[in-house]
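**Student:** My structure is below; once you've seen it, I'll send some questions.
The values are calculated or read from the model by the stated rules, or taken from the named source; none is laboratory data. Just so you know, these numbers come straight off a predicted model, no measurement behind them. All Cβ positions, glycine included, derive from the backbone under ideal geometry; neighbour counts span all protein chains shown.
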2 protein chains.
Amino acid sequence: MDNKEKLRKVGLRPTKQRMIIADILLDGINRHFTAENLQNEINSSGNSMSIATIYNCLKKFRNCGLIKQVESSKDTAIFDTNINQHHHFLDEETGELIDIENDEVNLHKLPKIPQGYLNNGVEVLIKIKKQI
Amino acid sequence: MDNKEKLRKVGLRPTKQRMIIADILLDGINRHFTAENLQNEINSSGNSMSIATIYNCLKKFRNCGLIKQVESSKDTAIFDTNINQHHHFLDEETGELIDIENDEVNLHKLPKIPQGYLNNGVEVLIKIKKQI
DNA sequence: CAAGTAGTTTAGAACGATTTTAAAGTAAAA
DNA sequence: TTTTACTTTAAAATCGTTCTAAACTACTTG
Ligand SMILES: [Mn+2]
Ligand SMILES: [Mn+2]
Ligand SMILES: [Zn+2]
Ligand SMILES: [Zn+2]
């Protein structure tokens, strides 16, 4: 399925701008990135795009499930092209995130979900720091 | 140990402002809050404080281990008075966080920490959503 | 295809959270 | 007590992100 179809399938019009972003993000390679990182990649690919459009697209892509947004206490939003349930190592010094595939973690015991709520995904974050 | 001692012990001068904040935060009750939430509590207690001072103190308190900062993709920083290793339920709709005590989760299998790094804490986030 | 219309892009302004500045104030050290 | 280093503050600055409103474009309908 090409990117045009992927966009159509989630109900997004395949505009020129969304196709440029899809060509960068939906190539099957997992990456973590900010809006500014993406703008740099767009520029490097010989294109250019308003930062407002980049934010618009990232929000649409995220809401349609084409990408995820990472929970992060940094002040810049971090997005993730790995949309499978998975986990992360985080180096808090540098902010670097490393994927952990779902089957590398085994949660033996989980607490009861609060009354009236449904489980909507479990994420494990392993904070790491450089050995001295 | 009173709050003045607690501050001294972590190497912070017990200034008037830090004592006001310590009196609110270090009362043994676990809570999640923003800088603005705290400013409101300070105001309600009959005191007042510059927002810059509140941010200064929260950063110092966090760096000294008196409070934690939660990983959150919201744009406002969320702090946590529960400094034990623990986990959270997150309602992504509302942003509400609920503590999960450490012994309510059992991680059976963990991935190998990357070469040259040390494990610096594991956090489990269980996203929940309201049942319809 | 030819309108029509609903959705999209954009530059720039606006916004909200946080940090910086620099001057005045305070705690601890000498 | 004097000195020194640290802290607080209001206000300005900064930074990431969203809003505005006008121009543009993809899709729909005839
Ligand atoms: Mn955040
Ligand atoms: Mn932000
Ligand atoms: Zn990831
Ligand atoms: Zn907590």
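**Student:** From the residues in segment B:69-97 that are of a type outside the set (Phe, Trp, Tyr) and assigned to a strand (DSSP E or B), which one is farthest from A:GLY116 (Cα to Cα)? Before the answer, list the steps.
**Tutor:** Step one: of segment B:69-97, the residues of a type outside the set (Phe, Trp, Tyr) are B:69-78, B:80-88, B:90-97.
Checking which are assigned to a strand (DSSP E or B) leaves us with B:69, B:80, B:87-88, B:90-91, B:97.
Working: B:GLN69: 27, B:ASP80: 25, B:HIS87: 20, B:HIS88: 17, B:LEU90: 14, B:ASP91: 12, B:LEU97: 15 Å.
The qualifying residue farthest from A:GLY116 (Cα to Cα) is B:GLN69.
**Student:** Among the residues of segment A:38-58, which ones are closer than 9 Å to A:GLN17 by Cβ and not in a helix (DSSP H, G or I)?
**Tutor:** A:ASN47, A:MET49, A:SER50
**Student:** Now for a different question. Between A:ASN3, A:ASN43, which is surrounded by 15 or more Cβ atoms within 10 Å (Cβ to Cβ) and away from ligand 1 (no atom under 16 Å from the Cβ)?
**Tutor:** A:ASN3
Rundown of residues vs (1) free of Cβ contacts under 8 Å to residues at least 24 places away in the same chain; (2) within 22 Å of B:ARG8 (Cβ to Cβ); (3) at the interface with chain A (Cβ under 9 Å from one of its Cβ atoms), yes/no style:
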{"residue": "B:SER45", "(1), (2), (3)": "no, no, no"}
{"residue": "B:ILE51", "(1), (2), (3)": "yes, no, no"}
{"residue": "B:ASN102", "(1), (2), (3)": "yes, no, no"}
{"residue": "B:VAL124", "(1), (2), (3)": "no, no, yes"}
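**Student:** Output the number of the condition that B:LEU125 fails; it satisfies all remaining conditions of (1) modelled with pLDDT of 95 or more; (2) surrounded by fewer than 19 Cβ atoms within 10 Å (Cβ to Cβ).
**Tutor:** (2)
**Student:** For the list (1) at the interface with chain B (Cβ under 8 Å from one of its Cβ atoms); (2) within 16 Å of ligand 2 (Cβ to nearest atom); (3) under 29 Å from B:LYS109 (Cα atoms), I need the number of the one condition that A:GLY95 fails.
**Tutor:** (1)
**Student:** With (1) out of contact with any strand residue (DSSP E or B) (no Cβ under 9 Å at 6 or more places or on another chain); (2) surrounded by 18 or more Cβ atoms within 10 Å (Cβ to Cβ); (3) charged (D, E, K, R) as the list, and B:GLU71 as the residue in question, which single condition is left unmet?
**Tutor:** The single condition B:GLU71 does not satisfy is (1).
**Student:** Check segment A:21-30 and report whether any residue there is within 14 Å of chain B (Cβ to nearest Cβ) and either of a type outside the set (Phe, Trp, Tyr) or more than 16 Å from ligand 1 (Cβ to nearest atom) (or both).
**Tutor:** Filtering segment A:21-30 for residues within 14 Å of chain B (Cβ to nearest Cβ) gives none.
No: segment A:21-30 contains no residue that is within 14 Å of chain B (Cβ to nearest Cβ) and either of a type outside the set (Phe, Trp, Tyr) or more than 16 Å from ligand 1 (Cβ to nearest atom) (or both).
**Student:** Name the single residue that is surrounded by the most Cβ atoms within 10 Å (Cβ to Cβ) among those in segment B:13-37 being away from DNA strand D (no atom under 12 Å from the Cβ) and part of a helix (DSSP H, G or I).
**Tutor:** Quick first cut of segment B:13-37, residues away from DNA strand D (no atom under 12 Å from the Cβ) only: B:23-37.
From what is left, the residues that are part of a helix (DSSP H, G or I) are B:23-25, B:35-37.
On the way: B:ASP23: 14, B:ILE24: 19, B:LEU25: 21, B:ALA35: 16, B:GLU36: 12, B:ASN37: 14.
Per the criteria, the residue is B:LEU25.
**Student:** Same structure, new question: Mind checking whether some residue in segment B:3-11 is among the basic types (Lys, Arg) and more than 10 Å from DNA strand C (Cβ to nearest atom)? I'd like the intermediate steps shown before the answer.
**Tutor:** Of segment B:3-11, the ones among the basic types (Lys, Arg) are B:4, B:6, B:8-9.
Subset that is more than 10 Å from DNA strand C (Cβ to nearest atom): B:6, B:9.
Taking every residue of segment B:3-11 in turn, at least one turns out to be among the basic types (Lys, Arg) and more than 10 Å from DNA strand C (Cβ to nearest atom).
**Student:** A:ASN106 versus (1) more than 7 Å from chain B (Cβ to nearest Cβ); (2) over 21 Å from A:GLN17 (Cβ atoms): which is the lone unmet condition?
**Tutor:** Of everything listed in (1) more than 7 Å from chain B (Cβ to nearest Cβ); (2) over 21 Å from A:GLN17 (Cβ atoms), A:ASN106 misses just condition (1).
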